[in-house]
1. Which of the residues spanning region 214-244 are within 16 Å of the ligand (Cβ to nearest atom), hydroxyl-bearing (Ser, Thr, Tyr) and either more than 14 Å from the chain's Cα centre (by Cα) or crowded, with 24+ Cβ neighbours inside 10 Å (or both)?
2. How many residues are within 18 Å of SER204 (Cβ to Cβ) and open to solvent by 40 Å² or more (accessible area, probe 1.4 Å) when one looks only at region 170-179?
3. Mind checking which residues of region 245-264 are open to solvent by 30 Å² or more (accessible area, probe 1.4 Å) and more than 21 Å from GLU79 (Cα to Cα)?
4. Using beta carbons and a limit of 9 Å, which pairs, at least six apart or on different chains, have the first residue in region 24-39 and without any contact (Cβ under 8 Å) to a residue 24 or more places away in the chain and over 18 Å from ILE261 (Cα atoms) and the second one surrounded by fewer than 16 Cβ atoms within 10 Å (Cβ to Cβ) and among the aliphatic types (A, V, I, L, M)?
5. Can you list the helices (runs of 4 or more DSSP H) found entirely within region 80-187 that contain at least 1 residues being among the aromatic types (Phe, Trp, Tyr) and more than 16 Å from the ligand (Cβ to nearest atom)?
6. For region 135-156, what are the residues that are more than 17 Å from LYS226 (Cβ to Cβ) and either among the aliphatic types (A, V, I, L, M) or open to solvent by 20 Å² or more (accessible area, probe 1.4 Å) (or both)?
7. Is it the case that PRO208 is touching a strand residue (DSSP E or B) at 6+ places or on another chain (Cβ under 9 Å), assigned to a loop (DSSP other than H, G, I, E, B), at pLDDT below 90 and of a type outside the set (Ser, Thr, Tyr)?
Amino acid sequence: MLRLISTLTLALFLGTLTTAQNRATFTVGSATAARGQRATGTIEVPAGSDAALSIPVAVFHGAKLGPVLAIVAGSHGTEYTSIIALEKLIGTLNPAEISGTVIIVPLINIQSFEQKVPHLNPVDKKSMNRWYPGKMDGTQTDRASYLITKQVVEQCDHLIDLHGGDTDESLRPYSYWTKTGSEKQDQISREMVLAFGLDHIIISADRPKDPQASRYLENTATTRGKPSITAEAGHAGTVETDNLNALINGCLHVMRYLKMISGSPSMVEHPVCIEKVVSLPK
Ligand SMILES: [Zn+2]
C-alpha cells in the first residue's frame, strides 16, 4: 500500500512538472542534445572583476519523455570521489535508454581541482556551495553560481549534489535530506534519499527558505519547488572503489525511482537518521 501511495504521489508530482520535458532539443551552456542524443559542452562564465571560467557539462536528452534530473559535483574541487563518479556516469549513460533528460556537471570548481586547494575557489576564496543563487556583478563564484542557477537548477525537476569528503575531512558516506515543510515535495525527496542507498541520513530542517538567499546548491533547487538531495562519499583525497560505486549506483537508483531507466531501486529500510548536528570547537 505504501509503495502504491508513493508511486501515485510521484506520478501526480511528475504530472505537474512540464519544465522542458517536451523539448525536441535540450540545451545547457554550449551543449545541445537532440532527443535520444548526448552532447557535451561548457557553461561559459564571463570575466568580470576576476577571470572567466569554463564549466564542463554533459546533456543526455533521453529517447522518451520523462523528468529532468541534474547531477552536479566538484563545487569542492578536491572531493575527488564525487568528481570521478560523474566522469564515469557520463561514460555509462545511454540516452537511447533514458526517459527524460540528465544534466551532468562533474566539476564546478576548476581552480580548486587544478591547484589542489580544498574547500574554496582560490580565485576569490569563496566556497562554491555557499553563494547561491549568485549574481553576475560579483566575483567568479557569484557569477558561476548565478549561471548554474539559471541553466541547471531552473531547467531541472530534480537535483543531486554530490560531495566526496575534502582532503582534510575523514567521513563515512551519508546523505542530506532537506525538510521543506511541503509534504508532497518532502515525500519525494525522502524517497530519493532512500533510493540513493546511503544508510546514514542527516535531516536538515534549518536550511534557508528564501530562494533569493538559498546559499547551497541543493537548497537552491528545493526552494524552487524541486525535490532534491545531497550525498557524500569519500574522504581525505582518496578514491576508493566502494565509495565511488556508492555514488554512481546511488545516482542510477534515483533514476530508477524516477522511472528514467528500467528496474526498481532497493530502498534503504533502516537508515540512521541524524536530526541534530553539533560543531565542536577546535
Ligand atoms: Zn563538499
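1. Once the filter is applied, which keeps residues that are within 16 Å of the ligand (Cβ to nearest atom), hydroxyl-bearing (Ser, Thr, Tyr) and either more than 14 Å from the chain's Cα centre (by Cα) or crowded, with 24+ Cβ neighbours inside 10 Å (or both), region 214-244 yields THR220, SER228, THR230, THR238.
2. So the answer is 4.
3. HIS253, ARG256, LYS259, ILE261, SER262, GLY263, SER264
4. ALA24/ALA34
5. On the way: elements: 80-92, 110-115, 140-148.
The helices (runs of 4 or more DSSP H) meeting that bar are 140-148.
6. Step one: filter region 135-156 for residues more than 17 Å from LYS226 (Cβ to Cβ), giving 135-144, 146-147.
Within region 135-156, LYS135, MET136, ASP137, THR139, ALA144, TYR146, LEU147 qualify.
7. Working: touching a strand residue (DSSP E or B) at 6+ places or on another chain (Cβ under 9 Å): yes; assigned to a loop (DSSP other than H, G, I, E, B): yes; at pLDDT below 90: yes; of a type outside the set (Ser, Thr, Tyr): yes.
Here the answer is yes, as PRO208 does meet what is asked.
To keep it simple, each residue is scored yes or no on (1) over 17 Å from the mean Cα position of the chain (by Cα); (2) of a type in the set (Val, Ile, Thr).
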| position | (1), (2) |
| --- | --- |
| GLN37 | yes, no |
| ALA51 | yes, no |
| ALA58 | no, no |
| ALA85 | no, no |
| THR92 | yes, yes |
| GLU114 | yes, no |
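The values are calculated or read from the model by the stated rules, or taken from the named source; none is laboratory data. In this text, all values refer to a predicted model and were calculated from it rather than measured experimentally. All Cβ positions, even for glycine, are placed from backbone atoms using ideal geometry, and neighbour counts span all protein chains on display. Calculation scope for accessible area: heavy atoms of the full protein, side chains included, ligands and nucleic acids excluded. Shrake-Rupley method; radii C 1.70, N 1.55, O 1.52, S 1.80 Å.
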